[in-house]
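Any read-out appearing in this document is the output of simple, stated calculations on the displayed coordinates, not a laboratory observation. Since we're looking at a predicted model, the values are computed, not measured. Don't worry about glycine lacking a Cβ; one is built from the backbone with ideal geometry, like all the others, and counts go over all protein chains shown.
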Amino acid sequence: MENQTIGLVIHAVGKTGVLHQLTGVIARHEGDITSVEIVTNWPDEARTYFEVVLPGGSDPLVEELRQLPIVRAVEVVKTLETIYGKRIIIMGGGAQVGQVAIGAVSEADRHNIRGEHISVDTIPLVGEQKLADAVRGVARLPRAKALVLAGSLMGGDIERAVREVRAQGLVVISLNMAGSVPDAADLVVSDPVQAGVMAVMIVAETAKFTLDRLKRRVF
C-alpha cells in the first residue's frame with residue numbers, strides 16, 4: 001500500500017504531556033508528522049491537529065489513539081494542504097497590498113478551477129522592524145510558497161530577512177520600489193497587479209512558468 005497523508009483532529013484532556021503521548025502513538029505506527037498545530041489548549045480540552053504520512057491504513061492508528069485515557073475523540077479530516085493548498089503571502093503598504101491581492105486572487109481563481117489549491121493571505125504593515133519580523137515569520141508558516149513585498153521603500157533589516165527566507169526555499173517577489181529589497185528578491189515587478197499574477201504562476205503546477213526560464217528578473 002502506498003503512503004497516504006491524513007489529517008487528524010484529536011480531542012484530549014488539557015494537561016502537561018498530551019503532545020508527548022499523542023506523538024508516541026503516531027511514531028509507533030511509523031507515522032511521519034508533517035504538520036502539527038495546537039488548536040486549543042484549555043484545562044478541560046486540548047484540541048490538536050496533525051498532518052501525518054502513514055505507510056498503511058489509518059484505522060489501527062486511530063484505534064490506538066482512542067484507547068489513550070487522555071483522548072476523548074479522534075477525527076480523520078481532509079488535510080489543510082488538500083483544502084487550502086499552497087499559500088501566497090502579501091505584505092507591505094495597504095494600497096499596494098490591495099492591488100497585488102487583486103492580481104493574485106484573480107489568477108489563483110483561474111488555476112483553482114483547473115484543480116489547483118492556492119490561497120492568498122495579506123497583511124498591511126509599516127515599519128522596518130515589523131516588516132523584517134513578518135518576512136522571517138513567513139518561513140515558519142505552513143504551506144507558504146511565495147512572498148510578495150508591496151511598498152514604496154524597503155531596505156535595511158528587511159533586505160537581510162529576504163535573503164534569509166530565500167535561502168530556506170521561499171520565493172520572494174518585490175515591487176519595483178526604493179531601497180535595497182528589490183536587489184535581494186527573486187523577481188522585481190513594477191505593476192502590483194502583475195506581481196500578484198506572477199506570484200501565482202510561479203507556485204501553480206498548472207502554469208508553464210518557472211523563474212529559471214526568465215532571461216531577466218526586473219519587469
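The table below gives the values:
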quantity	calculated
Intensity falloff of the chain expressed as log10 I(q)/I(0), Debye formula with alpha-carbon point scatterers, at q = 0.13, 0.17, 0.18 Å⁻¹	-0.81, -1.05, -1.11
The chain - share of DSSP beta bridges that are antiparallel (%, nearest 5)	50
Under 30 Å from the Cα of residue 86 - lysines, other chains or at least 8 residues apart	78, 130, 145, 208, 215
√(5λ) per eigenvalue of the Cα gyration tensor, the range 91-219, largest first, Å	22, 15, 14
Reciprocal of mean inverse Cα separation for the range 116-168 (Kirkwood radius, Å)	11.8
Helix-only mean residue ellipticity at 222 nm for the chain, each DSSP H run of n ≥ 4 adding -39500 (n - 2.57), per residue, nearest 500	-11000 deg cm²/dmol
P(r) weight above 14 Å for the range 11-78, C-alpha pairs, percent	55
J(HN,Hα) series, the range 107-116, from Karplus relation 6.51 cos²θ - 1.76 cosθ + 1.60, nearest Hz, glycine and proline x	6, 4, 4, 4, 7, 5, 6, 9, x, 6
The range 14-102: trypsin sites (Lys or Arg not before Pro) in DSSP loop, at most 12 other beta carbons within 10 Å	15, 78
Residue 122 long-range amide H proximity, modeled H, under 5 Å	90
Amide H contacts under 5 Å for residue 29, placed H, 5+ residues apart	none
Amide H within-cut-off set for residue 156, under 5 Å, with H built and near neighbours excluded	180
Neighbourhood net charge (11 Å Cβ-Cβ; Lys/Arg +1, Asp/Glu -1) for residue 128	-1
Using θ = phi - 60° and Karplus 6.51 cos²θ - 1.76 cosθ + 1.60, couplings along the range 26-39 (whole Hz; Gly, Pro as x)	4, 5, 4, 9, 6, x, 9, 6, 9, 7, 8, 9, 7, 6
